[in-house]
Amino acid sequence: MGGATVAKEENGAMDQACAGMGELVIEDPPLIDLSGLDGPERRKIGNEIDEACKKWGFFQIINHGFDSSLMSKAKMLAKEFFKQPEEQKLKFRVTEEVFEGYCCSKLRDSVGNVKITESTEFLLMFLDIQDIKKQQKYWPDSPPGFRQTMEQYLIKARELHEKLLALISETIGLEPDALRKASEGSAGPVRTAARMNYYQPWSSEDEPAKERALASHTDAGTVLTMLYSDEVAGLQIKKDGRWVKIEPITDAFIVNLGDQLEIMTNGRYKSVEHRGVPDKTRERLSLATAYYPDKQSVIGPIPELITDSNPQLYKVCNFRDYVETFYREGLNARHQTTYAKIESR
Ligand SMILES: O=C(O)CCC(=O)C(=O)O
Ligand SMILES: [Fe+2]
C-alpha cells in the first residue's frame, strides 16, 4: 500500500520484553483506505483487501466511517473498568456455565472444565442482536455509561464487519451476502462480541515477558476480528516465520481473519497467528470485536469455492462442537482449522 505514513515510535521496552520470544521485525500490514468503498473505487479496494488477506491474513483500515468519538469513549470506559478494585471486577467474572464477563489468571482453576491459558486480564461481552437486554445481564454496569456505550459500539462494529464481509464475498466471486449467510447457517443471526484485553505494565526484570503476554493464537471462533488498540504498541503477527510488531495508527482498525473464514473460503485465506505483548512502563488496552457464527450453525467451505483444482480442504462441522473443544483445551494456535482439516489434503 502506497501513500500511508506511519509514525514510528521506537519502543525499546517492548523489544526487550520480547527477548527470548523469537526474532522481531517491523513491517506494516497493508493500510487500506475505505473512503471510496461505495463508489467506483470499490473493486480496487476489494482487490487490495484480497491481496492483504492472502499475503498477511491482516490489514488495517482507515476512513471506515466508524465514529471516532465512540471509539475513544469505549476505550476510556474500558480502561476505567479495569482500574476498578478487583472485587468489583470479579462481580462480573466468567463462570463455567457462562463464559462471558471478566477473566484474569487468578480464575485459572475455578472455571470448571474451561481451560484458561491467558495471563492477561480480559473482559468478554457478547451482543445478541435479537435480545440485547437479556444478553446484557452479563455486562458490567460500572463505570456508568459502559453498557450503553458498548451496545452502540457493538452495533456499529457489526455493521462494519458485514460491510467488509460483503466486499470480500464480491471480490472472490460470490453474492455479497454469501459470507454473512455462511456464518448464520440456517440458525439465525450471528453474534458479535467485544473482547477487551488489559495489559499491566511489565515491570519485573525476572519474570519472562511471555508470562505476561497473550499467547500466540489464531482467532479460532471468529469469522473476522477487528482490533482497536490504544497508542501503546503490543500486537505482533507471525509472518513468514518471523514476528512482526505492529505500530498502532490513530483511529485505524486492525482486521484479521479468523479460523472460520479460512474454512469458509476453503483455504483461500489463512488465519494467522498473533499475540499481545505488554509494554515495560505503560498500561495497554486493546478492544477487539469479533463476528461469530451462531452457535447452532454448521460451518464448512462454501460450495462455489470447492473446485477440481481446489478440492475441499475442510470438513463441515457443527460450530457448537468446536466451541466446546475450544473451552476444554484453551487458547491454542490453529485450533479449528486443525480440527476441521481433511487429513489427506
Ligand atoms: O492485544 C492485542 O493486540 C491482541 C488481542 C487479540 O489477539 C485478541 O483479543 O484475540
Ligand atoms: Fe487474537
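Each value in this text was obtained by applying a stated rule to the coordinates, not by laboratory testing. In this text the structure is predicted, and so the values were computed from the model without any measurement. Note that each Cβ is placed from the backbone with ideal geometry, even for glycine, and that neighbours are counted across all protein chains shown.
Here the label points at ARG43 and LYS181, each 7 Å from Cα along the C-beta direction, are separated by 2.3 nm in the simple model. Label separation (SER68 vs LYS133): 3.6 nm, computed from points 7 Å beyond Cα along the C-beta direction. In this rough spin-label picture, where each label sits 7 Å from Cα along the Cβ direction, the THR95-SER142 distance is 2.0 nm.
Whole-Hz Karplus values for the range 246-256 come out as 9, 8, x, 10, 3, 6, 8, 10, 9, 9, 9 Hz, taken residue by residue from phi with 6.51 cos²θ - 1.76 cosθ + 1.60 and θ = phi - 60°; glycine and proline positions read x. Summary of packing: across the peptides 89-102, 45-58, the per-residue average of other C-beta atoms within 10 Å ranks them, highest first, as 45-58, 89-102. Annotation: lysines with alpha-carbon distance below 22 angstrom to LYS89 (same-chain offsets under eight excluded): LYS73, LYS75, LYS79, LYS106, LYS115, LYS133, LYS134, LYS137.
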